[in-house]
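Chemist: First the structure, then my questions, so here it is.
Nothing in this text is a laboratory measurement; each read-out follows from the coordinates by a stated rule. Note that the structure is predicted; figures quoted are calculated from it, not measured. Glycine gets a Cβ as well: all are built from the backbone with ideal geometry, and neighbour counts include every protein chain shown.
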Amino acid sequence: MNLLYAIKQALEQTNHDELLRTMGYRNLKTGQKTLLKFLDTNSIYLWLKNGNYDMKYNSEEFLQHLLEALDLTSEWDDELRRYKRRLDAIRTMRNRPYIFIDTHFKRANQPIFSLAFMEGRRNIGIDKELLVFKSESEILEIIGSIVKNHYISSNGKLPLWGKIFTYIYHNTDGKKFIFNPDGTLSLNQDEISESRAELRIGNQIIVGII
């Protein structure tokens, strides 16, 4: 049994309106709506990660008050600590990790709108969940596998941009690593230009965002 299952079991034997009053909700409709959202979640971790704010409690505050009202606070402390530790680790990752795909592209007569619209094809977003609590060597192994699979699935080419030469991984700590298409680290880690195609109206980027 995990915490979410224990909560759902306890809720089956509880009058929800009385519970919400105990939790401090004067507006029961607000509390009912949040409780339904909570019951729809797949895990406590996702509830905390995705966040919710109903003008009274955020997701963590709601969970804490719910546990207190159900008298389930101390029994599940270890599980909650694990979730919070993981979330804290993800929140401390300073930068968003991603991979830039280098094709040595040089613009000829391609319309800038087409280039800007296709800019996202040159980037692979990396979920921080894949990297949390991993060492640098473990992270590079994960990235190498992503690179290799991408190169194979794309047949070594990007629409409009052309043949793929290397992949540049940007880590959460700001470091950059250049990978060969086979997923191995390149012996040449010299700086590679990552010029971007963008369309703007004033100071706002319309297309071309990573």
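Chemist: Treat each spin label as a single point 7 Å out from the Cα along the C-beta direction, and report the D190 to R86 distance in nm.
Modeler: 4.3
Chemist: Mind listing the long-range amide H neighbours of T166? Cut-off is under 5 Å, sequence gap 5 or more, other chains count too, H placed in the peptide plane at 1.01 Å from N.
Modeler: D102
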